[in-house]
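Nothing in this text is a laboratory measurement; each read-out follows from the coordinates by a stated rule. Here the structure is a predicted model, which is why all the values come from computation and not from measurement. Heads up, the Cβs are rebuilt from the backbone with ideal geometry, glycines too, and the neighbour counts pull from every protein chain shown.
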Amino acid sequence: MYFDILVIGAGPAGLAFSSLASDMGLTVGLFDRQTKTALSKPENDGRDIAVSEASRKILADLGAWTMIDEADISPIRAAKVVDGDAPFALDFNPSSAGADKLGNIISNHIIRRVLYTVAAKKDNITWFTGIEVEALRRDTNAAIITLADGQTFTSQLAIAADTRFSQIRRDAGIKADMHDFGQTMIVGRMHGTTPHNHIAHECFRYDGGLAILPLNNDIASVVQTFSAEEAARFMAMNDQDYAHATEPRLKGLMGKLTPTSKRASYPLVGVYAQQFYAKRLALVGDAAVGMHPVTAHGFNFGIQGIANLIRHLRKANARGLDLGNVGALKAYNTDHRRLTWPLYQMTEKMMGLYTTNTIPARLVRKAALVAAQTAIPVKDVLMAKLTDVPVKKMIASKVAGKLPIPPKLPGL
């Protein structure tokens, strides 16, 4: 059976890509080991996603954003980064970018559900679910998928969207840099008696990292990172003991805590493919770049990379070129690397520094925060990525005094 494009993996990346490719008039074969029922009703995995403005626009263009209930969308009005017990904080205030928020927080399972709903309405997508992709073979003329039951499918281009531990990437011989941070992340929602004012916090405590993602009604997704052994101890606690153990780590930031969801845990591993394409194959989503969650850019890089790849494929298609045209794939590779590489490298180095608790490392961390707070380009590049305001325009406006001075944020 022939399709224009074969997509392996029906997570957010695979679903979004398939929908955009279908909108181009291309026929898509979409493959996933999960059943269609499981894909249509994804379970809440505890993860909440910070969606940047650029990513929101892509979801809106897909028709997915309007499917999300407003009550499930939580704005991020500002953000603060704190090191250990230091009183100094690195503030990210969107008014510096001429915006009213840094982004929005949406539950991962809601994003998956609406992207499935969008894809399910596309006439050009044919679903193959509940079955394994046994092999992907690529030659000069075609990409050919073989399923576990022996069925074969042919296309001009294959898309690997099969997680950061992509088997398709490995089978294609594409190397990936993997960084095991040696930590486990615990996520769970909690209600606090002290309002969070929709300010996100990233706290690099000496006993492990901690983040607060503000949700509506003074509920927050509380993210804590520990060694695997310590994480197992926290996961074994009942709700009351877990809340009691978490409160002092937040240093009263949310007041008295009450868990409002189950906890979930995930090992922290960063992945960066050494290139995002091979002959008649492109990597998207986490198969291309799997970020540490500290930057809140994993989903954003994935969805923006997909839109970028579609743009290059559309150009190739309009010129009557093969969809597996190496020029289009090289252009995607260059653009996606330019988008992701600086922040990925910065994150890896930063997390190496922040998981080292020697006295010299602590001094360097504090100096780095002070430098980032006072050095215009560092903060503005990050805020530009979140608010979708061009960094050159942002800096020029600040220098010209056109943007207001950010108000002082509540301290820790």
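Points to keep in mind about this one:
- A cut-off of 5 Å between modelled amide H atoms, ignoring neighbours fewer than 5 places along the same chain, links residue 260 with 189, 190, 191.
- Peptides 260-268, 72-80 ranked from most to least packed, by the mean per-residue count of other Cβ atoms within 10 Å: 72-80, 260-268.
- In the stretch 122-176, trypsin sites (Lys or Arg not before Pro) in a DSSP loop with at most 13 other beta-carbon atoms within 10 Å: 175
- Hypothetical label at residue 274: residues of the stretch 161-178 whose amide nitrogen lies under 19 Å (7 Å Cα-Cβ projection): 164-178
- Along the stretch 256-272 the Karplus relation, 6.51 cos²θ - 1.76 cosθ + 1.60 evaluated at θ = phi - 60°, assigns HN-Hα couplings of 7, 9, 10, x, 10, 8, 6, 8, 9, 10, 9, x, 9, 9, x, 9, 9 Hz to successive residues, with x for each Gly and Pro.
- Rg over Rh [alpha-carbon atoms, Kirkwood Rh] for the stretch 112-259: 1.14
- Cα-based convex hull, the stretch 1-149, per residue volume (Å³, whole number): 182
- Links that overshoot a 20 Å alpha carbon limit, given the list 121/330; 36/57; 175/330: 121/330; 36/57
- Potential extension, residue 341-residue 45 segment - 0.36 nm per residue separation minus Cα distance: 103.8 nm
- Based on alpha-carbon atoms, the Kirkwood radius and the radius of gyration of the stretch 220-343 give Rg/Rh equal to 1.19.
- Spin-label pair residue 95/residue 151, simplified geometry with 7 Å Cα→Cβ offset, distance in nm: 5.7
- Shape call, the stretch 206-248: gyration tensor on alpha carbons, a/c limit 1.5: oblate
- Nitroxide proxy distance, nm - points 7 Å out along Cα→Cβ at residue 24 and residue 258: 5.1
- Approximate spin-label separation residue 126-residue 178, in nm, with each point projected 7 Å along Cα-to-Cβ: 3.4
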